[in-house]
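Throughout, read-outs are computed from the coordinates displayed, never taken from laboratory work. All values derive from a computational prediction rather than experimental measurement. All Cβ positions, even for glycine, are placed from backbone atoms using ideal geometry, and neighbour counts span all protein chains on display.
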Amino acid sequence: MTTALDFARQHQQRFLDELKTLLRIPSVSTDPAHRDHVRQAATHIATELTRIGLENVRLIETTGTSPTGHPLVYADWLHAPGATTVLFYGHYDVQPPEPLDEWLSPPFEPTERDGNLYARGAVDDKGQMFMHIKAVESLFAANGKLPLNVRFLIEGEEEVGGEGIAAYVATRPADLHADFAIVSDTSMFAPGLPTLCIGLRGMIYTEIEVRSARSDLHSGYGGAAPNSFNALAHILAKIKDESGQILIPGIQDTVLPPAEDERRSWQSLPFDEEEFRETVLGSQAIVGDSRFSVQERIWAQPTFDVHGIRGGFTGVGAKTVIPAKALAKASMRLVPNMSAADSFTRYRSFIEQVCPPGVSVEVRLIHSAEPSLIPIDNPWIRAAASAMTQVWGRETVFVRSGGSIPIVGDLQRHLALPCVMMGFGLADDNLHAPNEKFCLRNFHLGIESILRFLESAATLPPTR
Ligand code: BES
Ligand code: MN
Ligand code: MN
């Protein structure tokens, strides 16, 4: 008899080849020029889900609720009456590949090098989402049926903060009824160290636009004329102090400090600040509030970052001008128990308050996500931890992440669904950067981890 695990091991090469086919589709969700490619990726996945034996496979349009309108992919198989139901979540959209000249092999030509697969989306999230499909395929192949009920919900707007999926989840469709969700879109704390992520930061992504005059001015008027860029710089500099503390009144009021045992568990993680500074940050120093550990700064404290500033003169040579308009893209990451709406209200009124005289400022919310924290004493989390421990031969660690996956908070709030975040990325996988990769060993052992977890979840009583 071939077990699901045998099947997965025997088909490693085919699984990898199929992943490469998916990675060749440039499904860049933010770029209107790639609209058709995004849809092509959705259709490709739908076809694959049908092929492995899932039912009710369909694209759910999100147009009207989201700026980009990329479809959700849904599928299910519900023929295990009385058994557990799992909801698989992943995203098939990817970040833009730019800057292209820094890639050692083209971003949409998946290339194997020293045990890694290089491509945009290799780990975030096509490669990880694909592990779910291959685990379910292996279960089907070994048994002709599944030991539990499954649903898939795969989105195409995660990387642009598209709220189409949130609007869908908020309607609490019967299609999302499940005992728990499984998400593979996070990282392992260290290579070979089985890791479950139990907390994510939320965010408010904003634009700050400053106007200082009807039109650009000769800078001979400098000294009397207000300057939109100087004013924008002034505003941005007021949001954090030198130690990294956010100065917006009330913003820290609801921040939930990590429980003592969680903080202690963070201290026992294998972490070398110097190595983190050098290999992960590649910077001269680690900044931030020194009263907090690096983990606490990233996982349990809010932050503010500027992503880009547009306008004025940035061409070659020199132009003496006072630009009338300056625009910054900036975001705050939020932590449990901050709320996105309340944080944005405070953020906007603080910016309006510190805006220097003579200019006007407009603060716009582009998208937002609530933070999330999953209770560790959940039976699904425990089953996931022991499956991981079995596969990797080491005790599973629990971490949080500084990044955001908006749907996790929505599933928790609207459907009371706990998310098992079983991720297999590594710190040097270059997410969102040139030379994104997925460690091949993690791809294969990831499939095995998911398989073992599903087999054990199938033996546990449903929780809802
Ligand atoms: N997979 C990431 C989030 C992530 C990365 C979690 C690493 C844990 C470890 C996700 O695709 C992502 O990039 N999210 C965006 C969300 C935003 C656009 C709303 C993020 O965190 O910036
Ligand atoms: Mn992702
Ligand atoms: Mn991402």
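Seen from every direction in turn and averaged, the convex hull around the alpha carbons of region 190-275 projects onto 10.7 nm².
Exposure proxy ranking for S360, S215, S372, based on other Cβ atoms within 10 angstrom of each Cβ and starting from the fewest, stands as S215, S360, S372.
Residues whose amide H lies under 5 Å from that of H177, counting only those 5 or more places away or on a different chain, are absent; hydrogens are built 1.01 Å from N in the peptide plane. So how tilted is helix 340-354 from the main axis of the chain? Cα-based, degrees 0 to 90, rounded to 10. Taking the Cα atoms of the chain, the angle to 340-354 is about 10 degrees.
Choose one of V38, L460, G144: the residue whose Cα lies farthest towards the positive end of the charge dipole of the chain (beta-carbon charges +1 Lys, Arg; -1 Asp, Glu; about the Cα centre). It is V38.
Expressed to the nearest 5 percent, the antiparallel share of DSSP beta bridges inside the chain is 70 percent. For the residue pairs K240/K437; K238/K319; K134/K437; K126/K240, the C-alpha atoms sit more than 24 angstrom apart in K240/K437; K238/K319; K126/K240. Assuming charge only on the beta carbon of Lys and Arg (+1) and of Asp and Glu (-1), the dipole of region 1-102 about its Cα centre is about 320 debye to the nearest 20. Each part reduced to its alpha carbon centroid, region 370-392 and region 111-150 end up 19 Å apart. On the basis of the beta-carbon distance and an R0 of 60 Å, A416 and D101 show a calculated FRET efficiency of 0.80.
Panel order for K240, K134, by other beta carbons found within 10 Å of each beta carbon, from fewest to most: K240, K134. Here the extension length gained between K145 and D428 equals 98.1 nm, from 0.36 nm per residue of separation less the Cα-Cα distance. With the gyration tensor restricted to C-alpha atoms of the chain, the semi-axes of the equivalent ellipsoid amount to 41, 24, 22 Å, longest first.
Compute the label zone of A285 within region 291-318: residues whose backbone N is under 14 Å from the point 7 Å along Cα-to-Cβ. Residues 291 fall inside that zone. Helix 35-52 and the longest principal axis of the C-alpha atoms of the chain enclose an angle of approximately 20°.
For region 410-464, relative contact order (Cα pairs under 8 Å, six or more residues apart, normalised by length) works out to 19 percent. Each Lys or Arg adds one and each Asp or Glu subtracts one; over the other residues with Cβ under 9 Å from the Cβ of I407, this totals -3.
Sorting E274, E207 from the fewest to the most surrounding beta carbons within 10 angstrom yields E274, E207.
In the chain, the longest principal axis of the Cα atoms and the axis of helix 12-23 are about 30 degrees apart. Potential lengthening of the chain between T171 and A237 amounts to 19.7 nm, from the contour at 0.36 nm per residue minus the alpha-carbon distance.
Remark: region 362-375, residue by residue, has Karplus-estimated 3J(HN,Hα) of 10, 10, 10, 8, 8, 7, 8, 8, 7, x, 9, 8, 9, x Hz, where x stands for each Gly or Pro and the curve is 6.51 cos²θ - 1.76 cosθ + 1.60 at θ = phi - 60°. Annotation for region 267-336 versus region 421-460: alpha-carbon center distance of 28 Å. Whole-Hz Karplus values for region 443-457 come out as 4, 6, 6, x, 4, 5, 5, 5, 4, 4, 5, 5, 4, 6, 4 Hz, taken residue by residue from phi with 6.51 cos²θ - 1.76 cosθ + 1.60 and θ = phi - 60°; glycine and proline positions read x. Based on the alpha carbons, how large is the Rg to Rh ratio for region 338-464 when Rh follows Kirkwood? Radius of gyration relative to Kirkwood radius: 1.12.
Multiplying the residue separation of I60 and L269 by 0.36 nm and removing their Cα-Cα distance gives an extension gain of 71.1 nm.
Take the Cα of A80, step 7 Å along the line toward its Cβ, and report every residue of region 134-157 whose backbone nitrogen sits under 18 Å from that point. Hits in region 134-157 for A80 at 18 Å: 134-153.
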